[in-house]
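These notes concern the structure reproduced below.
The values are calculated or read from the model by the stated rules, or taken from the named source; none is laboratory data. No experiment lies behind these values; they were computed from the predicted model shown. Every residue, glycine as well, gets a Cβ built from its backbone with ideal geometry; the counts of neighbours run over all protein chains shown. SASA here: full protein model, heavy atoms, side chains in, ligands and nucleic acids out. Shrake-Rupley method; radii C 1.70, N 1.55, O 1.52, S 1.80 Å.
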Amino acid sequence: MKYAFFPGCKISWFCPQYHTSTLAVLQRLGIDFVEPEFNCCGYPVRGFNHQAFLLQAARNFAIAESINADILTPCQCCFGSLRHAQFFLAEDPKATAEINQLLAQEGLTYHGRLNIRHLLTVLTEDVGADAIRSQIQKTYRGLKIAAHYGCHALRPSPVVRFDNPFSPTIFENLIELTGAQSVPWSRRLECCGQPVAERNAGLSARLRELKIESAMAAGADFICTACTYCQMQLDAPCEFSAGSVDNRADQPSALLFPQLLGLSMGLDEAVLGLEKNRIRTKDLRHFL
């Protein structure tokens, strides 16, 4: 299976370590992927112009179909956005025909033949636990991780079809392949607050704070993310925060899953970009 890697718009500037660590893990696992020149997933305009949203997403679909590849994205926001567009187009043949008329100006056509996959589902369903375990060189000892799912991969479940939206396990299972312990925490399925940051900074900060407090109460050393936006939110002190968690020595830092997995696989630390994480209260390497 070949994949068309879809990084999303934010990753290269705000979270480049997610890009490099993900590609390093994919290469180590022997996953065949290419990096076409995609455009935005369409999420920013989804609430303003539905056709523009569908056109942006469908253009990406047509590009991936032209090289006979499914789309693989590490960003849960992009994953949810693209799955929504795919769902809407499948339900509305008229809209699909209109979009294809616009795509035809570039010599592109969307046929509806591809799948949209998130990094975690590819690792779980296509690579598999045994293949991942065979690449792990060192397992973590005494490391407690709070798995942060993010909103867009779980809901609405009939559209995204990622995992059980009320009791998912895919992320915890992958984390525990590294030897780390995935801890239960009360707010693991709640929003990180990033989607409302530009509209209501105070609310965004409070949601972030509640997440961190919950992970801290569960004894987590790190909050593990698998989304560009979630990492951006949880890995940066917020000027609007009440300050109850920021700068505390026991605050769990935010960590990207490919960083967690990649270090246990013995991948180059510079490629994993651990030094680019902004909040680093603990050193992940001390748990190996």
(request) Filter segment 21-43 down to residues that are within 15 Å of the chain's Cα centre (by Cα) and open to solvent by 60 Å² or more (accessible area, probe 1.4 Å), then give me how many there are. (result) 1
(request) Enumerate the pairs (first residue in segment 1-20 and in contact (Cβ under 8 Å) with a residue 24 or more places away in the chain and in a helix (DSSP H, G or I); second residue anywhere and of a type in the set (D, E, K, R) and open to solvent by 10 Å² or more (accessible area, probe 1.4 Å)) with beta-carbon separation below 8 Å, excluding pairs fewer than 6 apart on the same chain, so at least 6 apart or on different chains. (result) 16/276; 17/276
(request) Pick out the one residue from 272, 234, 267, 256 that is in contact with a Phe, Trp or Tyr (Cβ under 7 Å, 6 or more places away or on another chain) and either modelled with pLDDT under 95 or under 26 Å from residue 138 (Cβ atoms) (or both). (result) 256
(request) State yes or no: is residue 87 touching a residue at least 60 places away in the same chain (Cβ under 8 Å), assigned by TED's automatic domain parsing to the domain that holds residue 10 and in contact with a strand residue (DSSP E or B) (Cβ under 7 Å, 6 or more places away or on another chain)? (result) no
(request) Report yes if residue 109 is without any contact (Cβ under 8 Å) to a residue 60 or more places away in the chain and closer than 30 Å to residue 17 by Cβ, otherwise no. (result) no
(request) Check residue 132 against each of (1) without any contact (Cβ under 8 Å) to a residue 40 or more places away in the chain; (2) of a type in the set (A, V, I, L, M, F, W, C); (3) not assigned by TED's automatic domain parsing to the domain that holds residue 13 and name the one condition it does not meet. (result) (1)
(request) Test residue 146 against the criterion of being of a type in the set (A, V, I, L, M), assigned by TED's automatic domain parsing to the domain that holds residue 207 and at pLDDT below 95, and give yes or no. (result) no
